[in-house]
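To start, the structure under review is shown below, and the notes come after it.
The values are calculated or read from the model by the stated rules, or taken from the named source; none is laboratory data. Everything numeric in this text was worked out from a predicted model, so none of it was measured. Every residue, glycine among them, receives a Cβ derived from its backbone with ideal geometry; neighbour counts consider all protein chains shown.
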Amino acid sequence: MGARLRTVFRTKATLGCLTLYGLNSVSVTFTVRRAVYTLNKLGTSRAGPSQISLEGLENTNMMQRSFVGLMIAASLISGLGASVTRSAPQNNDAAPSGQASSANTVATDPGYKIGPQDMLRIDVWKEPDISRTVPVRPDGKITLPLVNDVQASGLTPTQLAAKIAEGLKKYITSPQVTVGVTEINSRRIFVSGEVAHPGAFPLLPNMTVLQALSSAGGFTQFAREKKIYILRMENGRQVKHPFNYKDAISGKNVEQNILLEGGDIIVVP
């Protein structure tokens, strides 16, 4: 009798699994009842009147439903795990860090002249020990292996690349050098005093005093607009250029609205 019960349980478990593949639950229950009926007849004819009760059948149906629920949950979890795994493919095409750094150059016009405090990326083809990012010192020079100090300030990136290549010819056959500007720090002007937003501003092409004052947000109520002046380094000394805002906006003395240079300081007293 115990062996027959185990057979029934195995049969119902199997039928429970088949439910996952879309079999109608009514037909499954009917099939299970037929199996129980057949086993009861065998038990009556061979081993006496012992029978499997329908109450046991209902209990087994409950076990069947629990089993089906567990199987469905396991299937859903497995599917979700596979979906998550597929949604996060590995990127094997990432560029090496050395190649990525050379691409982070500032877009400048070909005629841009390097100045003190600029950051430069020097790349020498097939020479990683020489290639590097260097700052332009206050004296306008940079330092590289083999060529030591090289004057950079006042040159365009193309001119500096040719100068470095010429110095490397003593040690490398046909050196190929590229120079990129990664940070423009020399091309800044400063506005101080009675303006809304004093501080450093990037020097735009053909930027005038009026444009710089506009970038600073205009004047405060205490500004002396007729007494503005620009401080500029010329031939190693500081020169003061007066600027009358009232005249400039009225079209008088337009020559005082000069083009700014890197390092100029506009003072609004």
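Taken over region 219-244, the criterion of being under 44 Å from the mean Cα position of the chain (by Cα), under 18 Å from Val195 (Cβ atoms) and surrounded by 13 or more Cβ atoms within 10 Å (Cβ to Cβ) is satisfied by Phe219, Ala223, Ile228, Tyr229, Ile230, Leu231. Listed by position, the strands (runs of 3 or more DSSP E) enclosed by region 174-269 that each have at least 2 residues that are touching a residue at least 60 places away in the same chain (Cβ under 8 Å) are 177-183, 188-193, 265-268. Look at Ala200 and say whether it is in contact with a strand residue (DSSP E or B) (Cβ under 9 Å, 6 or more places away or on another chain), under 30 Å from Lys252 (Cβ atoms) and either among the small types (Gly, Ala, Ser) or modelled with pLDDT of 95 or more (or both). Against the criterion (in contact with a strand residue (DSSP E or B) (Cβ under 9 Å, 6 or more places away or on another chain), under 30 Å from Lys252 (Cβ atoms) and either among the small types (Gly, Ala, Ser) or modelled with pLDDT of 95 or more (or both)), Ala200 qualifies.
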